[in-house]
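Below: one structure, written as structure tokens.
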Amino acid sequence: MAQQSGRDIAPATGKLGVMLVGLGAVSTTFIAGVENVRRGTGLPIGSLSQMGTIRLGKRTEKRSPKIKEFVSLAELHDLVFTAWDPIPDDAYAAAVKAGVLDRHEHLDPIKDFLQGIKPLPAAFDQHYVKRLHGTNVKTGKTKRDLAEQLRQDVRDFKRRSGADRLVMIWAASTEVFLTTGPAHQSLAAFERAMEQNDQAIAPSMLYAYAALMESVPFANGAPNLTVDIPALQRLAEERKLPIGGKDFKTGQTMMKTVLAPAFKARMLGLAGWYSTNILGNRDGEVLDDPESFKTKEESKLGVLEYILQPDQYPELYGNVFHKVRINYYPPRGDNKEGWDNIDIFGWLGYPMQIKVDFLCRDSILAAPIVLDLALFFDLAQRARLSGIQEWLSFYFKSPQTAPGLYPEHDLFIQQTKLKNTLRWLMGEEQITHLGIEYYEKA
Ligand SMILES: NC(=O)c1ccc[n+]([C@@H]2O[C@H](COP(=O)([O-])OP(=O)(O)OC[C@H]3O[C@@H](n4cnc5c(N)ncnc54)[C@H](O)[C@@H]3O)[C@@H](O)[C@H]2O)c1
């Protein structure tokens, strides 16, 4: 039973252009995956927007449509793609190099399609990603020139592809660690800093700026600062555009944000959590540089602090030893191994241990997240939701929030928030899980 009228949402007519920054393992696995799904040679497993359902009304109403039938989302057949990358490989060559998808089963049959996606020259600077040597790069006197070239790319792609709407997603390498400074405080300071080639302006910020100036929503899949700065947040609000990040929540951190809330729910203590990874893809190589690793480390370390609230539970979580390591180990390629050793304690302080050994495939977990973000950011735009999209925290390791709010990391709270936002958009009742009406009928 509809409770309220919901939000006016513009229809998802025409094509949706997905502009990917970076054409590496994640982007090619995403694009090739979408094309395989469109041709009926695979299922979009891991994608909430494609596989998920949403319960509406009371449990007795038995209404659980698929999410994609409940809200208007772009159809997979309406997606068109482009990407930027400093490495000139087309999407086929890049996917073969990434070695994630089986060449014979999932790449060769769509070779022509993938070869048609050639990376645009990137706004790239090795200062921010030390381990890469790009040749397919833009040149310009100032960072502002580069941003203007990116804006032109956006306009050209829109015209060339016939896309009705666009979204931009950063799926490029993790940049070196930066913190918010004076250049990030206002649009005027940001634009001046671009003109002065200030080091505080990373390439990822140029893409985010170009997207917002061209009225394109922007999502950040890496832990870089990028759009998490006041100047760009305000720009997004002023121009009524959705933004969000940071860092796709895929393997180890996804598990952490499932397990830690369980310990806290049962008031079990935590003495230490040691997380280590071996990873052999290009991402692993980039993260082998201490400055890029620092950006990733901050993102991975943050989650426990917020979930466990040591200030409120000093006896349980006041003295947690939390360590995260990423080790570049080429033989494994994209097939990461993430080990967690968790030391917990229970009744009267007796210690126990949990070991998690997750033999995951990084890009297989990330690709459906890219798809959902593209579709939900487009939905947000059509529903006139602007600024930070906290309801999409579900997809991020370090969710951006409004100033003064702490981020919510618990995966199931994030899921509830996402689904309740969809219900709210469509004028359906919020689900509180109270359910007293099933027992107190009078
Ligand atoms: N796979 C996962 O599970 C996962 C999870 C969270 C975050 N991420 C992040 O997603 C990003 C992509 O991961 P990946 O495995 O595809 O890495 P990748 O190294 O295979 O691809 C990244 C691509 O970005 C390109 N690039 C670097 N700087 C660029 C720039 N300025 N402009 C355009 N392109 C640029 C690189 O040349 C490379 O081809 C990384 O930052 C990674 O940390 C991945």
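The values are calculated or read from the model by the stated rules, or taken from the named source; none is laboratory data. Note that the structure is a prediction, hence the values are computed from the model and not measured. So basically every Cβ, Gly included, is an ideal-geometry build from the backbone, and we count neighbours across all protein chains shown. Side chains included, ligands, DNA and RNA excluded: accessible areas come from the protein's heavy atoms. Shrake-Rupley method; radii C 1.70, N 1.55, O 1.52, S 1.80 Å.
Computed about its Cα centre, the charge dipole of region 30-178 is approximately 620 debye, with only Lys, Arg, Asp and Glu carrying charge at their Cβ.
Quick one: Debye curve from the alpha-carbon atoms of region 270-406 only, equal weights, vacuum; give me log10 I(q)/I(0) at q = 0.20 Å⁻¹ to two decimals. The computed values of log10 I(q)/I(0) come out as -1.26.
Of all DSSP beta bridges confined to region 1-124, the antiparallel ones make up roughly 20%.
When you filter the trypsin sites (Lys or Arg not before Pro) in region 238-277 for DSSP loop state and at most 15 other Cβ atoms inside 10 Å of their Cβ, you are left with 239, 240, 266. With N as its number of residues, region 138-199 has a Cα radius of gyration that, divided by 2.2 N^0.38 Å, comes to 1.35.
Residue 92 contributes an accessible area of around 20 Å² to the protein surface, as traced by a 1.4 Å probe with all chains present. So if the hydrodynamic radius of region 302-376 is defined as the Kirkwood radius over C-alpha pairs, what does Stokes-Einstein give as its diffusion coefficient at 4 °C and 1.567 mPa s, in µm² per second? After rounding, the answer is 83 µm²/s.
Shape class for region 222-305, computed from the alpha carbon gyration tensor (a ≥ b ≥ c): oblate, with a/c not under 1.5 and a/b at or below b/c.
Can you tell me the FRET efficiency between residue 265 and residue 7 if r is taken as the Cβ-Cβ distance and R0 is 30 Å, rounded to the nearest 0.05? The calculated FRET efficiency here is 0.35. Only helical runs count toward this figure. For the chain, summing -39,500 (n - 2.57) over DSSP H runs of n ≥ 4 and dividing by all residues gives -11000 deg cm²/dmol at 222 nm.
Note on region 1-159: Cα Rg divided by 2.2 N^0.38 Å, N the number of residues, gives 1.30. May I ask you to work out the translational diffusion coefficient for region 116-173 at 10 °C, viscosity 1.306 mPa s, via Stokes-Einstein with Rh from the Kirkwood sum over Cα pairs, reported in whole µm²/s? The diffusion coefficient I find is 122 µm²/s.
Across all C-alpha atoms in region 332-403, the radius of gyration and Dmax reach 18.4, 54 Å.
Averaging the sequence gap over all C-alpha pairs within less than 8 Å and six or more residues apart, then dividing by the number of residues, gives the chain a relative contact order of 21 percent. Packing, as the average of other Cβ atoms within 10 Å across residues, places the peptides 353-363, 225-235 in the order 225-235, 353-363, highest first. In this rough spin-label picture, where each label sits 7 Å from Cα along the Cβ direction, the residue 305-residue 69 distance is 4.5 nm.
Remark: spin-label model distance residue 413-residue 384 equals 3.1 nm, labels positioned 7 Å along the Cα→Cβ axis.
Think of each Lys and Arg Cβ as +1 and each Asp and Glu Cβ as -1; about the Cα centre, that makes the dipole of region 170-321 roughly 560 debye.
Note on the chain: with neighbouring protein chains present and a 1.4 Å probe, carbon and sulfur make up 53 percent of its accessible heavy-atom surface.
Take the chain with all the other protein chains still there, run a 1.4 Å probe, and you get 44 Å² of accessible area per residue.
Averaging 1/r over every pair of different alpha carbons in the chain and inverting the result gives a Kirkwood radius of 22.7 Å.
Under the criterion of Cα pairs below 8 Å and six or more residues apart, the relative contact order for region 32-75 equals 25 percent. Quick one: grab the alpha carbon gyration tensor of region 242-349, order the square roots of its eigenvalues as a ≥ b ≥ c, and give me rounded if a/c is under 1.5, else prolate or oblate depending on whether a/b is larger than b/c. Prolate shape, in that a/c is at least 1.5 and a/b is the bigger ratio. Here, region 101-256 is characterised by an Rg to Rh ratio of 0.99, where Rg is the alpha-carbon radius of gyration and Rh the Kirkwood radius. Our note on the geometry: Cα centres of region 133-179 and region 265-297, 29 Å apart. Scaling the Cα radius of gyration of region 29-113 by the globular reference 2.2 N^0.38 Å produces a ratio of 1.41. Just to verify a number: what accessible area does residue 316 come out at with the full protein assembly present, 1.4 Å probe, Å² rounded to tens? Around 30 Å² of this residue is reachable by solvent. Across all Cα atoms of region 169-276, the radius of gyration (one decimal) and Dmax (whole number) stand at 17.3, 54 Å.
For region 377-435, a Kirkwood hydrodynamic radius built from all Cα pairs, placed in the Stokes-Einstein relation at 10 °C and 1.306 mPa s, yields a translational diffusion coefficient of 128 µm²/s. Remark: the residue 239-residue 105 segment gains 43.9 nm on full extension, using 0.36 nm per residue and subtracting the alpha carbon distance.
The trypsin sites (Lys or Arg not before Pro) of region 390-442 that DSSP puts in a loop, and whose beta carbon has at most 16 other beta carbons within 10 Å, are 441.
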